[in-house]
1. Over the chain, with every protein chain in place, what whole percent of the accessible area is carbon and sulfur at 1.4 Å, could you tell me?
2. Just to confirm the filter: which trypsin sites (Lys or Arg not before Pro) across the stretch 28-83 are DSSP coil and have at most 12 other Cβ within 10 angstrom of their Cβ?
3. Using only Cα atoms and rounding to the nearest 10 degrees, what angle (0 to 90) does helix 431-442 make with the longest principal axis of the chain?
4. Mind telling me which of 233, 136, 299 comes out most flexible in a GNM of the chain, alpha-carbon contacts under 10 Å?
5. Averaged per residue, what accessible area in Å² does the stretch 8-442 show with a 1.4 Å probe, protein chains only?
6. Over the stretch 1-90, calculate the relative contact order: mean separation of alpha carbon pairs under 8 Å at least 6 apart, over the residue count, as a percent.
7. Against the longest alpha carbon principal axis of the chain, how many degrees, from 0 to 90 and to the nearest 10, is the axis of helix 211-224 turned?
8. Do any of 241/413; 168/337; 168/413; 163/405 go past 26 Å between their Cα atoms, and which?
Amino acid sequence: MKIARFSRIGFILAAAGSAVGLGNIWKFPYITGEYGGGAFVLVYLMTVIGIGFTIMIAEMLIGYLGRLDGAGSFESLAPRFKAQWRLAGMLGIWAGILIMTFYSVVIGWIFHYIVVTLSSLPASVSEAETTFNHMLSEEIGTQFLFHTVSFLIIASILMRGIKGGIEKLNLVLMPLLIVIMSAMFFYALTLDGFSLAWDFMFKPDWSKLSSDAFVTAVGHAFFTISLGTGAILTYSASLPKKSNLVQSSLIVVALDTGIALLAGLTLFTFLYQYGAEPAKGPGLVFISLPAVFYEMGVLGNVFAILFFIALAFAGLTSAVSLTEPMVQYLVDKFSFKRSTSAILASLFFYLVGIIALLSNTTDYKELLTFGSRNFFDWMDYITAAIMLPLGGLLMALFVGYAMPKTQVYAALKDSLGRGFEFWYFMLRYIAPISLVVVMLNLLGIISF
Ligand code: TRP
């Protein structure tokens, strides 16, 4: 049975909804803060445009021509080694669902913060820090409750399918998200802190670019545009025939980058304006920002609620895209009903997510820490550092080497025109080589 297809705008919003997520609004500002701003932002931008955009076209192409779930699309398109290429698809499907184990917990924190900011904001950064750390390490019940809410919402959207669930969700939430983030940005523009934020983000200080910063920037470039797991691939399998993949990729990458820069500038303006630290780590939006909102007075209260709502929207539209590859896989492979598949896939991240949640708490930390990281951090590390770059590499190799060039050319010639050879070169050489270097560095095999 073939599922209902996306409309053109529905696909673009869904793919952009996948890309624009916690990565843009929560992670990008804090890693930019940690790694010192400008130079880091520049490496990130170069990677997104040079490598990310190149592989995004390839990933879309696999779904668009394969017309199946991640694993099935690889298998049906591979001229040889079908079973092996199928594994490349499986890798991505598992990466998505493993990311969800901690992503859903973080969405839970955000829901909790929407509720908390409705009643009061912390009066200082240290108060905010205590509140956040207390929630993280002591409040198992609260986190469990909101992780459950997140699971229920995600499962119920996925049960409704591509058209009635995912497309509808994105058609509503994405414009709202853009409106909220733009409103806050325009306010930030009027503040003195804006010029400091601008300099921080766009004046590169190369001395701050450690190899660690470099690798993080590349890894984040993948994560933020949802590359390497088949999330975009699964969506593009439901594209109408005769879609322009290059244009769609460009819009998705531009929207994602635009919102990350907008969020970064806005947050840093607020932080500078009220004398808070940009290098605050993962707690940036949960600790520094609420304290800054408090300083702003009434407007701050309104912004706080809007901000966490926007963050929740961004998180949910990404979460459905992280889970959908597994849902589609179960439908295609075992002919399960869509609703059964949606529940099974969601239950998996929900249950394993409970382990991730507990691994941050005082009571279970020790039990759930393995080597240098707790379970929560392992899920993040294994997916972002290993599975996504590897998935992206395999996609580049698949389209660049395994698929016949004639087939790839035929599908892209209208949209890429004379740019085809350049893109093909980037895909075959520049992208794979850069990825291998980054992965070897991450694994400690080489350093630079
Ligand atoms: N891009 C999303 C973010 O920035 C997360 C995400 C959604 C993702 N789908 C993905 C990451 C697929 C990697 C692969 O938060």
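The values are calculated or read from the model by the stated rules, or taken from the named source; none is laboratory data. Computed from a prediction, not measured in an experiment: that's the story for all the values here. In this analysis, Cβ positions are derived from the backbone assuming ideal geometry, glycine residues included, and neighbour counts consider all displayed protein chains. Side chains are part of the model used for accessible areas, which takes the heavy atoms of the whole protein and leaves out ligands, DNA and RNA. Shrake-Rupley method; radii C 1.70, N 1.55, O 1.52, S 1.80 Å.
1. Numbers: 11520 of 17000 Å².
Answer for the chain: carbon and sulfur cover 68 percent of the accessible area.
2. Values: sites: 67, 80, 82; in loops: 67, 80.
Loop-located and lightly packed - 80.
3. Value to nearest ten degrees: 50.
4. Judging by the Gaussian network model, the answer is 299.
5. Working: 15900 Å² over 435 residues.
Value for the stretch 8-442: 37 Å² per residue.
6. Values: 39 pairs, mean separation 11.6, N = 90.
Taking the mean separation of contacting Cα pairs over the length of the stretch 1-90, I get 13 percent.
7. With both axes taken from Cα atoms, the answer is about 70 degrees.
8. Numbers: 241/413 15 Å; 168/337 20 Å; 168/413 32 Å; 163/405 33 Å.
Result: 168/413; 163/405 exceed 26 Å.
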